[in-house]
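K.L.:
Once you've had a glance at the structure underneath, I'll fire off some questions.
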Amino acid sequence: MSNYIGTTGLVMNEPLIFERSSEGKRGIDVPKSDVGDVRPEEVIPTDLLRTNIEGFPEVSEVDVVRHFVRISQWNYGVDTGMYPLGSCTMKYNPKVNEDIARLPGFARTHPYQPEGLSQGALQLMYELERYLAEISGMDSVTLQPAAGAQGELCGMLMMAAYFSKTGKPRRKVIIPDTAHGTNPASVTLAGLTAVPVKTGHEGILTPDAVMAVMDEDTAGIMITNPNTLGLFERHIKEISDIVHKKGGFVYCDGANMNALLGIARLGDMGVDVVHMNLHKTFSTPHGGGGPGAGPVGVKKELEPFLPIPRIVKKNINPVTFPHPHPTPPLEGEGAKEAPLPQGEDEGEGGSSCIYKFIYDSPDSIGRLRAFYGNFGVLVRAYAYIRAMGPEGLRKAGEMAVLNANYVKEGLKSHYHLPYNQPCMHECVFSDKLQLEKGFNTLDIAKRLMDYGFHPPTVYFPLVVHDAIMIEPTESEDKAGLDGFIDAMKRIAEEEPELVRSAPHKTRVGRLDEAKAARKPVLRWRPSVKG
Amino acid sequence: MDFPKELKYHKEHCWVKVEGNRALIGITEHAQEELGDIVYVELPERGSETEQDESFGTVESAKAISELFAPVSGHVVDINDDLADQPELINDDPYESGWMIEIEMSDTSELKNLLTADQYKKYIEEEKG
């Protein structure tokens, strides 16, 4: 194992910042106030005043810096090594994205700035909407949803609103058993009922299964393509036709869109609504659970229901505006511009504004998010799309699929592969062969850390018993993939006890996950000072 | 694996202990083993209704959250309050102290849809494949 990047080293212990406190320490020297003293109790109701902040840490600047640097060194990210977390598309986030996001015009803009002073930001959002529409094959896009799950909710609310408007509300949504858990949750949150449907023996949904449950009380289907087994839903068009024939909509969870980038468009497969996870497919940080972004694309029929505000580009007269900023098409001359809504007025910002927010949209489901979505994330995704271009995006999709198939082929001699067929961006194994030896999926995941890899997704999707779900992404080269495959093979052959007691090289050993969930300690209190 | 003869079993892995028109319900040894360490259980309120084959709550383990499906329809007369603080009772003792809810059955004829211990054992073996 000596050739592996995983090793032990000098890793500092570090207490909580509260426990570093020492009375009187300061990080800054506050200048003497040059305005008169105001006693807080004279201006703030006394019941709102704190008399004492228990345990408030008193630390110096160097204490704070060392504290956070040490903690950061306990971390593992895609900048450290391979992060094959299935269904999460943990691709490398190019640093140029960060450069662009830090341009003062983006980083220091304020959402309350008038439109006339935010034209660059609005242009970026407008163009990103068009690019995402082009990539996914949809007509319109909203950038508001703050994550994939909020995108799902947005989609479900729009579908429900559509049927309410027709006067014949529909109550059900079909969900295959390979779906992400957020799908049925979003359906329920939107006031609809999830109708489960089983995938066929090949790991994909069959038209017959959909036909059997699709009726005129069903608002549509929520499908993930490629699905969470990493398999392409080959019957997607037939399934779409079945759903459309009964007046329903096809929602696609775009979590796995990386596999299709520049190769196939969901809109062309009959999908009516799709959310795209910018933090997956478009290389923005996953950042500790947020902020992400889950823009939603729709076909024409659902456009009136998109959240407000919408961004529009005004028809401008080139005589009046000598420097129009046309959207550079992402691909060729054929790239279409969105038609402009009629009847917009000049509003605040005056006639010099090319890009404007439109709030007048009577059928809209309303606002989903304060202001306009997670703008900083949008900038990074825009930078990625522009840097890659159409050929680059296609290449990313192709390499992601090639890499996953390479891992699948490399490991199927040592791990049980329940669906042995070409995969898309990820492959799913089980621990069936290892259980006979005496260790399981969780043990394998833990042991991988000793070799310097982030564990894959485990125990999902639920249709595979004790699943090990591997998504290498396009970021790894052949040597990296070979290292991972080799580590996985070695683990399969190791002594069961060694695997069961892993990890051995991490700062802390095996944690009691059940106890952490049953008796979580969520808040520091002075009484637990250690 | 232990499947007491005196209990009846539902295909979604709940057991039923029938006493008159009352039914005590929990999950099977097989179910708790598949789930692994159970960390949280969400049960219905006393006084609510259950419907056969419909969800009556969820059980969360370190691996996954799973729905609980009611083996019989009826009125929830009691729930196992101990599970709020000690969900591990389900792992340790699924047929006794790990019970979940007690139902006053509205239709005892539904019991004929349930499996015997032997049938259930065969069913899970087939499911495993």
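The values are calculated or read from the model by the stated rules, or taken from the named source; none is laboratory data. Computed from a prediction, not measured in an experiment: that's the story for all the values here. Glycine also receives a Cβ, built like all others from the backbone with ideal geometry; neighbour counts cover every protein chain displayed. Please note that ligands, DNA and RNA were not included when accessible areas were found on the heavy atoms of the full protein model with its side chains. Shrake-Rupley method; radii C 1.70, N 1.55, O 1.52, S 1.80 Å.
K.L.:
How about region B:87-100: which of its residues are without any contact (Cβ under 8 Å) to a residue 12 or more places away in the chain and either crowded, with 17+ Cβ neighbours inside 10 Å or in contact with an Asp or Glu (Cβ under 6 Å, 6 or more places away or on another chain) (or both)?
P.N.:
Hit for region B:87-100 is B:Leu89, nothing else.
K.L.:
Within region A:86-96, can one find any residue that is of a type outside the set (Lys, Arg), in contact with a Leu (Cβ under 9 Å, 6 or more places away or on another chain) and in contact (Cβ under 8 Å) with a residue 40 or more places away in the chain?
P.N.:
no
K.L.:
Being open to solvent by 20 Å² or more (accessible area, probe 1.4 Å) and at pLDDT below 95 is the requirement here; does A:Ala212 meet it?
P.N.:
On the way: open to solvent by 20 Å² or more (accessible area, probe 1.4 Å): yes; at pLDDT below 95: no.
No.
K.L.:
Here is a check on your reading of the model: is A:Pro309 at pLDDT below 95, surrounded by fewer than 24 Cβ atoms within 10 Å (Cβ to Cβ) and under 30 Å from A:Ile354 (Cα atoms)?
P.N.:
So A:Pro309 fails the test.
K.L.:
Would you mind finding the one in B:Val77, B:Val72 that is aliphatic (A, V, I, L, M) and in contact with a helix residue (DSSP H, G or I) (Cβ under 9 Å, 6 or more places away or on another chain)?
P.N.:
B:Val72
K.L.:
Kindly indicate which of A:Ala381, A:Ala404, A:Ala370 is of a type in the set (A, V, I, L, M, F, W, C), over 30 Å from A:Asp486 (Cα atoms) and at pLDDT 95 or above.
P.N.:
A:Ala381
K.L.:
Could you run through region A:453-463 and say how many residues are of a type in the set (A, V, I, L, M, F, W, C) and either open to solvent by less than 20 Å² (accessible area, probe 1.4 Å) or away from every other protein chain (no Cβ under 14 Å) (or both)?
P.N.:
1
K.L.:
Anything in region B:76-97 that is within 14 Å of chain A (Cβ to nearest Cβ) and under 29 Å from A:His465 (Cα atoms)? List them, or say none.
P.N.:
B:Leu83, B:Ala84, B:Asp85, B:Gln86, B:Pro87, B:Glu88, B:Leu89, B:Ile90, B:Asn91, B:Asp92
K.L.:
Quick check on this structure: which one of A:Glu494, A:Glu513 is away from chain B (no Cβ under 14 Å) and on the phi < 0 side of the Ramachandran plot?
P.N.:
Exactly one of A:Glu494, A:Glu513 is away from chain B (no Cβ under 14 Å) and on the phi < 0 side of the Ramachandran plot, namely A:Glu494.
K.L.:
Just give me the residues in region A:359-405 being among the small types (Gly, Ala, Ser), open to solvent by 20 Å² or more (accessible area, probe 1.4 Å) and part of a loop (DSSP other than H, G, I, E, B), in sequence order.
P.N.:
A:Ser361, A:Ser364, A:Ala370
Let's see how each residue does on (1) buried (at least 19 other Cβ atoms within 10 Å of the Cβ); (2) hydroxyl-bearing (Ser, Thr, Tyr); (3) without any contact (Cβ under 8 Å) to a residue 40 or more places away in the chain:
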site	(1), (2), (3)
A:Gln421	no, no, no
A:Glu436	no, no, yes
A:Asp443	yes, no, no
A:Ser501	no, yes, yes
A:His504	no, no, no
A:Arg507	no, no, no
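K.L.:
Right, another one. If a residue has to be in contact with a Phe, Trp or Tyr (Cβ under 9 Å, 6 or more places away or on another chain) and assigned to a loop (DSSP other than H, G, I, E, B) to count, how many in region A:102-125 make the cut?
P.N.:
Result for region A:102-125: 4.
K.L.:
OK, next. Can you find a residue that is in a strand (DSSP E or B), within 11 Å of chain A (Cβ to nearest Cβ) and open to solvent by less than 10 Å² (accessible area, probe 1.4 Å) anywhere in region B:14-22?
P.N.:
No, every residue in region B:14-22 fails to be in a strand (DSSP E or B), within 11 Å of chain A (Cβ to nearest Cβ) and open to solvent by less than 10 Å² (accessible area, probe 1.4 Å).
K.L.:
Just to be sure, is B:Ser106 within 14 Å of chain A (Cβ to nearest Cβ) and in contact (Cβ under 8 Å) with a residue 24 or more places away in the chain?
P.N.:
Details: within 14 Å of chain A (Cβ to nearest Cβ): no; in contact (Cβ under 8 Å) with a residue 24 or more places away in the chain: yes.
When the stated conditions are applied, B:Ser106 does not pass them.
K.L.:
Pull up region A:161-187, narrow it to residues that are in contact with a helix residue (DSSP H, G or I) (Cβ under 9 Å, 6 or more places away or on another chain) and in a helix (DSSP H, G or I), then point me to the one that is surrounded by the fewest Cβ atoms within 10 Å (Cβ to Cβ).
P.N.:
A:Lys165
K.L.:
Answer yes or no: is there a residue in region A:141-155 that is within 30 Å of A:Ile485 (Cβ to Cβ) and of a type outside the set (D, E, K, R).
P.N.:
Within region A:141-155, the subset within 30 Å of A:Ile485 (Cβ to Cβ) is A:148.
From what is left, the residues that are of a type outside the set (D, E, K, R) are A:148.
Within region A:141-155, one or more residues are within 30 Å of A:Ile485 (Cβ to Cβ) and of a type outside the set (D, E, K, R).
K.L.:
So, in region B:101-117, of the ones that are under 13 Å from B:Trp15 (Cα atoms) and in a helix (DSSP H, G or I), which residue ends up least open to solvent (accessible area, probe 1.4 Å)? Give the derivation first.
P.N.:
Keep residues of region B:101-117 that are under 13 Å from B:Trp15 (Cα atoms), which gives B:101-103, B:111, B:113-117.
Then keep just the ones that are in a helix (DSSP H, G or I); that gives B:111, B:113, B:117.
Values: B:Leu111: 27, B:Asn113: 95, B:Ala117: 5 Å².
My answer is B:Ala117.
K.L.:
Select, from A:Asp466, A:Asp486, A:Asp482, A:Asp450, the only residue that is among the acidic types (Asp, Glu) and within 14 Å of another protein chain (Cβ to nearest Cβ).
P.N.:
Checking each option against the conditions leaves just A:Asp466.
K.L.:
Which condition breaks for A:Glu409 when tested against (1) open to solvent by 50 Å² or more (accessible area, probe 1.4 Å); (2) at pLDDT 95 or above; (3) assigned to a loop (DSSP other than H, G, I, E, B)?
P.N.:
(3)
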